[in-house]
Amino acid sequence: MGFEKSFLPALPFFFLCSLLLNNGVEASHKVYVHLQSISAETVKDLHRTGYHFQPTKHWINDPNGPMYFNGVYHLFYQYNPKGAVWGNIVWAHSVSKDLINWERLEPAIFPSKPFDKYGCWSGSATVLPGNKPVILYSGIIDENKTQVQNYAVPENISDPYLVKWNKPDNNPLIVADKHVNKTAFRDPTTAWLGKDGQWRITIGSRKKEKGISLLYKSKDFMKWTKVKKPLHSVQGTGNWECPDFFPVSKHGTKELDTSVIEGDIKHVMKISLDATRYDYYTLGTYDTEKDRYIPDKDMVDGWKGLRYDYGNFYASKSFFDPAKNRRILWGWANESDPVDDDARKGWAGIQLIPRTIVLDPNGKQLLQWPVEELETLRGKKVEWSDKKLEKNDRIQIEGISAAQADVEVTFTFKSLDKAEPFDPSWDRYDAEKLCGQKGSTVQGGLGPFGLLTLASENLEEYTPVFFRIFQDKEDKYVVLMCSDASKSSLEDKENMYKPSFAGFVDVDLTDKKLSLRSLIDHSVVESFGAKGKTCITSRVYPTIAKYTHAHLYAFNNGTETIEIESLNAWSMKNPQLMNQ
Ligand SMILES: *[C@@H]1O[C@H](CO)[C@@H](O)[C@H](O)[C@H]1NC(C)=O
Ligand SMILES: *[C@@H]1O[C@H](CO)[C@@H](O)[C@H](O)[C@H]1NC(C)=O
Ligand SMILES: *[C@@H]1O[C@H](CO)[C@@H](O)[C@H](O)[C@H]1NC(C)=O
Ligand SMILES: *[C@@H]1O[C@H](CO)[C@@H](O)[C@H](O)[C@H]1NC(C)=O
Ligand SMILES: *[C@@H]1O[C@H](CO)[C@@H](O)[C@H](O)[C@H]1NC(C)=O
């Protein structure tokens, strides 16, 4: 991913307006030259996470080249070694045996050669036959941000952690031809093998307002040629960053290597839309004859489409884990506080908890769930069952550390009769707007009910994560899920970003149940609705509800009584982060 000052494509006017009004997206793209090489004098502990992945200080963004190799998980990520805002980007490197406890190593890739002198931007790892890992990344070669694709290989394949990486002199491997926009040409994917025995990768790009995923192929991984037609493109979506393209199994739980291109599978195409800063995906078919990706007919392709996460989650990357036959997704969450605060606190950005991804049995979307290894951090536990939440009830979940917790809850209700009517004038693609209007304090029929996370005792501050159910037509229901940061902090600085993040949940309500899991960690609340159908991440900065002053509640503000069928909540321990 890159940062540019002028980035807005000519999107429809109403969309642009909501973009600028809602989230001040302009600010996030500024390059703060005056701040980018000012090293943190002190690192503020307040709001740092306990069990999310964070370096000891300074700025991080995209996860890069995640892979499993010889029993070790590798995570690389975009990192500024010199300051807490974007700049001076290198590939930082950490290794883990379980995706939770990490050891930090020295940066693996950093600017040093003509082909990456101005930056080492995002990319991916591929493990080639014969167990040979190779990284592809975007190098910046001049002050105009001209982008090329480079490779790097481990210096010593016998080193269990692959600490040192070499960038051979035959780089760059790929430069933009005259038909490719050389300043929007980045983030190569993990390669997959075609039926013709050639490797393929896709690279994010744009042509005017058309977002493009370029396709390249190679017999030997060294000499790459562009396939004339891109793998995929969509008009009016602007620049595509960090594309990801991989198979998911149609049945069962066994996931697949990226090179599995046929069989009982569907393909996922994910793009990170620079204009909106969210990660969108479609499900579809990979036509291996034409080398094109075709989204399924009912898929919405572009910024109205499905998102991995309806909150603070961007530039994600997945990899296949052969040790457990699963596909794992890493996403980055930036800060929502003003840039000056980042400079003051000495750090910015976290990696979210890695998630497994599988196809929903309904075939229409993905399901995401925190990797099972996270459960090893669960400590003290509180358990409830069959607890009633009447209208206006707010019950404290006591006995765990509410600022650093994992909560799983299943809600049930007797009837759908009290669901409020879904006003046909509401925008079906703007859940966030609806959540802004129908917040947790606006009384309803069936909902709002859910959790109040990072809450102060007297609710001066809280981040509610909740459901609200509407009746559409006859027996059709619309489930709204919100993670609302608007009351998360008494800090009310102009550039504090406190959106009412929300998504709809495509869930069958015949059994009158809805489940929610929230991972709460000081300044982040990562929530999974209906077993991972809809995910929302919020970054929040409570001033009262911090450390032991944070509280956790279950609440109902609808007229229909809600029952908590089961609730399990745990204090979360800190993982080991070695070589701090
Ligand atoms: C990061 O934070 C800002 C708010 O400061 C937000 O507007 C922006 O969209 C966020 N996301 C990314 C991926 O930069
Ligand atoms: C960068 O762009 C400017 C303006 O178009 C041009 O004058 C300059 O030669 C370019 N620099 C390089 C290294 O291409
Ligand atoms: C490569 O790594 C192995 C295992 O750590 C080590 O024994 C060997 O000395 C290393 N080789 C070189 C050339 O550094
Ligand atoms: C090329 O990409 C740059 C950077 O995103 C953009 O400003 C420019 O408009 C693009 N040009 C075309 C023709 O797409
Ligand atoms: C429920 O709604 C009432 C009335 O709007 C409000 O005062 C109260 O704070 C709400 N409760 C919660 C837990 O949000």
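Kindly indicate whether Trp426 is without any contact (Cβ under 8 Å) to a residue 24 or more places away in the chain and either of a type in the set (Phe, Trp, Tyr) or within 16 Å of ligand 1 (Cβ to nearest atom) (or both). For Trp426, the condition - without any contact (Cβ under 8 Å) to a residue 24 or more places away in the chain and either of a type in the set (Phe, Trp, Tyr) or within 16 Å of ligand 1 (Cβ to nearest atom) (or both) - is met. Annotation: of all residues in segment 138-163 being among the aliphatic types (A, V, I, L, M) and part of a loop (DSSP other than H, G, I, E, B), the one that is farthest from ligand 2 (Cβ to nearest atom) is Ile157.
Select the strands (runs of 3 or more DSSP E) contained entirely in segment 468-580, then report the ones holding at least 1 residues which are in contact with a Pro (Cβ under 9 Å, 6 or more places away or on another chain).
It comes to 477-484, 513-521, 524-529, 534-539, 551-556.
On the given criteria, is Gly130 more than 16 Å from ligand 2 (Cβ to nearest atom), among the small types (Gly, Ala, Ser) and in a strand (DSSP E or B)? In short, no. Among the numbered conditions (1) surrounded by fewer than 24 Cβ atoms within 10 Å (Cβ to Cβ); (2) within 22 Å of Lys145 (Cα to Cα); (3) not hydrophobic (A, V, I, L, M, F, W, C), the only one that Glu103 does not meet is (2).
Just one of the listed residues (Lys531, Lys476, Lys513) is surrounded by fewer than 20 Cβ atoms within 10 Å (Cβ to Cβ), modelled with pLDDT under 95 and more than 21 Å from Thr49 (Cβ to Cβ), and it is Lys476.
Scan segment 146-170 for residues that are under 26 Å from the mean Cα position of the chain (by Cα) and of a type in the set (Val, Ile, Thr) and the total you get is 1. Scan segment 324-340 for residues that are buried (at least 18 other Cβ atoms within 10 Å of the Cβ) and free of Cβ contacts under 8 Å to residues at least 60 places away in the same chain and the total you get is 1.
Among the residues of segment 204-237, those that are of a type outside the set (S, T, N, Q) and under 12 Å from Leu273 (Cα atoms) comprise Gly204, Arg206, Glu209, Lys210, Gly211, Ile212, Val234, Gly236.
The condition (being of a type in the set (Lys, Arg), under 14 Å from Ala554 (Cβ atoms) and touching a residue at least 40 places away in the same chain (Cβ under 8 Å)) is satisfied by just one residue among Lys433, Lys388: Lys388.
Name the strands (runs of 3 or more DSSP E) wholly inside segment 1-106 in which the number of residues that are of a type in the set (Gly, Ala, Ser), away from ligand 1 (no atom under 16 Å from the Cβ) and at pLDDT 90 or above is 1 or more. Can you show your working first?
Numbers: elements: 58-69, 72-79, 90-96.
Of the strands (runs of 3 or more DSSP E) lying wholly inside segment 1-106, those with at least 1 residues that are of a type in the set (Gly, Ala, Ser), away from ligand 1 (no atom under 16 Å from the Cβ) and at pLDDT 90 or above span 58-69, 90-96.
How many residues are part of a strand (DSSP E or B), surrounded by fewer than 20 Cβ atoms within 10 Å (Cβ to Cβ) and not small (Gly, Ala, Ser) when one looks only at segment 372-392? Qualifying residue count, segment 372-392: 9.
When Glu565, Glu560 are checked against the criterion of being touching a Gly at 6+ places or on another chain (Cβ under 7 Å) and either touching a residue at least 60 places away in the same chain (Cβ under 8 Å) or more than 16 Å from ligand 2 (Cβ to nearest atom) (or both), a single residue qualifies: Glu560. State whether one or more residues within segment 137-145 are at pLDDT 95 or above, in the same structural domain as Pro322 (by TED's automatic domain parsing) and within 16 Å of ligand 1 (Cβ to nearest atom). Scanning segment 137-145, I find no residue that is at pLDDT 95 or above, in the same structural domain as Pro322 (by TED's automatic domain parsing) and within 16 Å of ligand 1 (Cβ to nearest atom), so the answer is no.
A single entry from Lys195, Lys182 fulfils the requirement of being in the same structural domain as Asp274 (by TED's automatic domain parsing) and out of contact with any strand residue (DSSP E or B) (no Cβ under 7 Å at 6 or more places or on another chain): Lys195.
Since Pro464 meets every condition but one in (1) over 21 Å from Asp360 (Cβ atoms); (2) part of a loop (DSSP other than H, G, I, E, B), which condition does it not meet? If we test Pro464 against (1) over 21 Å from Asp360 (Cβ atoms); (2) part of a loop (DSSP other than H, G, I, E, B), just (2) comes out false. Checked against the criterion of being over 18 Å from the mean Cα position of the chain (by Cα) and acidic (Asp, Glu), the candidates Glu526, Glu565 yield just one match: Glu565.
Screening Trp303 against (1) surrounded by 17 or more Cβ atoms within 10 Å (Cβ to Cβ); (2) at pLDDT below 95; (3) within 21 Å of Ala323 (Cα to Cα) leaves a single unmet condition, (3).
Could you please find all residues in segment 439-467 being under 15 Å from Lys418 (Cβ atoms) and either among the polar types (S, T, N, Q) or within 12 Å of ligand 5 (Cβ to nearest atom) (or both)? The answer is Val442, Gln443, Gly444, Gly447, Pro448, Phe449. Taking segment 469-503 as the range and being over 26 Å from the mean Cα position of the chain (by Cα) and within 18 Å of Thr453 (Cα to Cα) as the test, only Leu490 passes. Considering only residues that are closer than 21 Å to Gly529 by Cα and in a loop (DSSP other than H, G, I, E, B), look in segment 444-461 and name the one that is farthest from ligand 3 (Cβ to nearest atom). Applying the filter and picking the extreme gives Gly445. Looking at Asn362, Asn325, Asn312, just one residue is in the same structural domain as Ala92 (by TED's automatic domain parsing), more than 29 Å from Val127 (Cβ to Cβ) and more than 10 Å from the chain's Cα centre (by Cα), and that residue is Asn362. Taking strands (runs of 3 or more DSSP E) as the structural unit, those lying wholly within segment 164-246 and holding at least 2 residues that are without any contact (Cβ under 8 Å) to a residue 40 or more places away in the chain correspond to 199-207, 210-218.
The values are calculated or read from the model by the stated rules, or taken from the named source; none is laboratory data. Note that the structure is a prediction, hence the values are computed from the model and not measured. All Cβ positions, glycine included, derive from the backbone under ideal geometry; neighbour counts span all protein chains shown.
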